[in-house]
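First up is the structure itself, then whatever we jot down about it.
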2 protein chains.
Amino acid sequence: MQINIQLIPFPPNPDLLSERVVVVIDVLRSTSVITHALSQGALEIIPMTMVEEAFQRAKIFPRGSVLLGGEMRNKRISGFDLGNSPREYVSEKVKGKRLILTTTNGTKAFHLVSSGREIFAGSFLNIGAIAQRCLELNRDLFIFPSGNEGDFSLEDTLCGGMLIDLIAKGEKKPTSLTDASCCAQVLYQRFEDKLLEAFHLSHHGKGLIRQGFEDDLVYCAQIDITDIVPKFEGGVIRVI
Amino acid sequence: MQINIQLIPFPPNPDLLSERVVVVIDVLRSTSVITHALSQGALEIIPMTMVEEAFQRAKIFPRGSVLLGGEMRNKRISGFDLGNSPREYVSEKVKGKRLILTTTNGTKAFHLVSSGREIFAGSFLNIGAIAQRCLELNRDLFIFPSGNEGDFSLEDTLCGGMLIDLIAKGEKKPTSLTDASCCAQVLYQRFEDKLLEAFHLSHHGKGLIRQGFEDDLVYCAQIDITDIVPKFEGGVIRVI
């Protein structure tokens, strides 16, 4: 298997993705929220790019069946039901509900890679299950860290590096790594047992701490607390 | 000092560079060639983007005063005097000469960052001198690895990481690192005493080995064999 990771989240070439498995990563916090909400029984998650579109989309569904969640630049969005802390997405609130999610980086990322053959949402919370699914599918892999407003993200690349490391150790044949994949794997190996240290160094992590979300960092640094594999298909993310 | 490194060599925002020191890195092999040729007494180096432009430019200067050097995709260019092996650029050939250099990645990179306040060519051969100059100038730094045909390069980022590591250790106040700078520093710390191992893992390194240039990898992995600081200004690179 060949693994590439795109270190900066500009729109990838759609032709490059059509035969590849794609994993979108936004550790702080979209893909952690998505993973957690689905593990708590949310029906499905619709990732949206714009706040206004999210409000419009919500009107399509019966009242009470849908919740609006997300953030813009780490701030709660006026009129939304939930923010972007995974800890808010508990069973009592989300079970059986459709969630419309809008965030600064992560939800956009799914639309940028929508030409991928299969598209999954990865985070530390479910990284082992994602690696296992990638190994089963045995296709070339394209990892897409959603980054920080168009820039490189330490924590997303680190999570991508963990995925690379797990797959390289799980494959029977040698895994073919691009230069970027080598770099991500080295980054993971440096912070393997110190994820929180890396979050504290990262631009996004520091911003969340300043805004009072330090507990989210601790939450999102948990490894393999669920084995669900969220899949993006037809504009919607569901458990497969 | 704030240090940023652009991990993928797309054209940076010129406004971002106007107050920053910029270091262009193409370890395999442009900036190693530039550093070595100047240390061997070359008068100046004119980095060109296109082969045809290089031939045109050479006609301006008196016959015998100028040499054409470089490569396209690691191959010698027909009609050029020299290739892109640093070892070719010895004093007997280059002393007192003006060199017109055209390469796949490195020479283009200088033109992409031409709005920088001061622009230097860095390689492992002169990395200590580059770090020292950056510390003296004490301005925010923008490191530009020239990459592999628009993609991330392991060896260039590793060299950028060494520059970051040297500056961070040399500054009295804490150095401010972006997420990308943290990542490059981690990459350097992994391969600190194993540069050749990293070159052997890299896409470009493997290509050079296949094409018979393994000795160039060994040459370009030498640290601080000269203390010259090549500076790009007005389209020309000279020793300052």
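The values are calculated or read from the model by the stated rules, or taken from the named source; none is laboratory data. For clarity, every value in this text was computed on a predicted model and none was experimentally measured. Backbone-built Cβ (ideal geometry, glycine too); neighbour counts: all protein chains shown. To get the accessible areas, we keep the full protein, side chains included, count just its heavy atoms, and leave off ligands, DNA and RNA. Shrake-Rupley method; radii C 1.70, N 1.55, O 1.52, S 1.80 Å.
Roughly how much accessible area, to the nearest 100 Å², goes out of reach of solvent when B and A pair up, both sides summed, probe 1.4 Å?
On the way: alone 10330 and 10340 Å², together 19100 Å².
Buried area between the two chains comes out at roughly 1600 Å².
Which value results for Rg/Rh of segment B:56-119 when Rg is the Cα radius of gyration and Rh the Kirkwood radius based on the inverse mean 1/r?
Ratio of gyration radius to Kirkwood radius: 0.99.
So which trypsin sites (Lys or Arg not before Pro) in segment B:1-107 end up in coil per DSSP with only 11 or fewer other C-beta atoms within 10 Å?
On the way: sites: B:20, B:29, B:57, B:59, B:63, B:73, B:75, B:76, B:87, B:93, B:95, B:97, B:98; in loops: B:20, B:29, B:63, B:73, B:95, B:97.
Loop-located and lightly packed - B:63, B:73.
Working out 0.36 nm times the residue gap between residue A:215 and residue A:227, then minus their Cα-Cα distance, what length gain in nm do you get to one decimal?
Details: separation 12, 0.36 × 12 = 4.32 nm, distance 2.22 nm.
2.1 nm is the gain from fully extending residue A:215 to residue A:227.
List the aspartates and glutamates whose Cα sits under 12 Å from the Cα of residue A:231, skipping any in the same chain fewer than 8 residues away.
Reachable aspartates and glutamates: A:44, A:118.
What does the accessible area per residue of segment A:1-128 come to in Å², with a 1.4 Å probe and no ligands, DNA or RNA counted?
38
Taking the highest mean first, how do the peptides A:130-138, B:1-9, A:179-187 order by number of other beta carbon atoms within 10 angstrom per residue?
Top of the packing list down: A:179-187, B:1-9, A:130-138.
Given segment A:85-150 reduced to its alpha-carbon atoms as identical point scatterers, what log10 I(q)/I(0) does the Debye formula return at q = 0.17, 0.29 Å⁻¹?
These q points yield log10 I(q)/I(0) values of -0.82, -1.30.
Please tell me the relative contact order of segment A:124-209 in percent, rounded to the nearest whole number, where contacts are Cα pairs under 8 Å and at least six residues apart.
Computed over segment A:124-209, the figure is 31 percent.
Per q in 0.20 Å⁻¹, report the Debye log10 I(q)/I(0) for segment B:115-240, using one uniform scatterer on each alpha carbon and no solvent.
Cα-only, vacuum Debye calculation for segment B:115-240: -1.26.
Going Cα to Cα from residue B:173, which lysines come in below 20 Å? Please leave out same-chain ones fewer than 8 positions away.
Candidates past the 8-residue exclusion: A:206.
Let me see the pair-distance distribution of chain B: every alpha carbon pair, 10 Å bin width, integer percents in order.
Spelled out per bin, shortest first, that is 8, 36, 38, 16, 2, 0.
Would you rank A:203, A:36 by solvent-accessible area, highest first, keeping every protein chain in place and using a 1.4 Å probe?
The ranking, largest first, comes out as A:203, A:36.
For segment A:1-70, what does the convex hull of the Cα positions come to per residue, in cubic angstrom?
In segment A:1-70, the Cα hull volume divided by residue count equals 149 Å³.
Is segment B:41-89 rounded, prolate or oblate when judged by the Cα gyration tensor, a ≥ b ≥ c being the square roots of its eigenvalues, rounded requiring a/c under 1.5 and prolate requiring a/b larger than b/c? The partial results should precede the final answer.
Details: a/c = 1.80, a/b = 1.18, b/c = 1.52.
Because a/c hits 1.5 or more and a/b fails to exceed b/c, segment B:41-89 counts as oblate.
So, in Å, what gap is there between the alpha-carbon centers of segment A:117-171 and segment B:221-240?
40
Using alpha carbons only, how many degrees (0 to 90, rounded to 10) separate the axis of helix B:179-191 from the longest principal axis of chain B?
Relative to chain B, helix B:179-191 is tipped by roughly 70 degrees.
For residue B:115 and residue B:91, calculate 0.36 nm times their separation in residues minus their Cα-Cα distance, and state this gained length in nm to one decimal.
5.5 nm
What do you get for Rg/Rh of the protein assembly as shown when both radii come from the Cα atoms and Rh is the Kirkwood radius?
1.03
Taking the alpha carbon gyration tensor of segment B:52-174, what are the square roots of 5 times its eigenvalues, largest first, to the nearest whole Å?
30, 16, 14
Among the lysines, which fall within straight-line cross-link reach of residue A:97, defined as a Cα-Cα distance under 16 Å, with same-chain neighbours fewer than 8 residues apart omitted?
Cross-link targets: A:59.
What's the average, rounded to a whole number, of partner chain beta-carbon atoms within 10 Å of each residue's beta-carbon in A:183-193?
So the per-residue partner count for this stretch is 4.
Simple spin-label model, 7 Å along Cα-to-Cβ: residue A:51 to residue A:73 in nm?
With each label point 7 Å from Cα toward Cβ, the separation is 1.1 nm.
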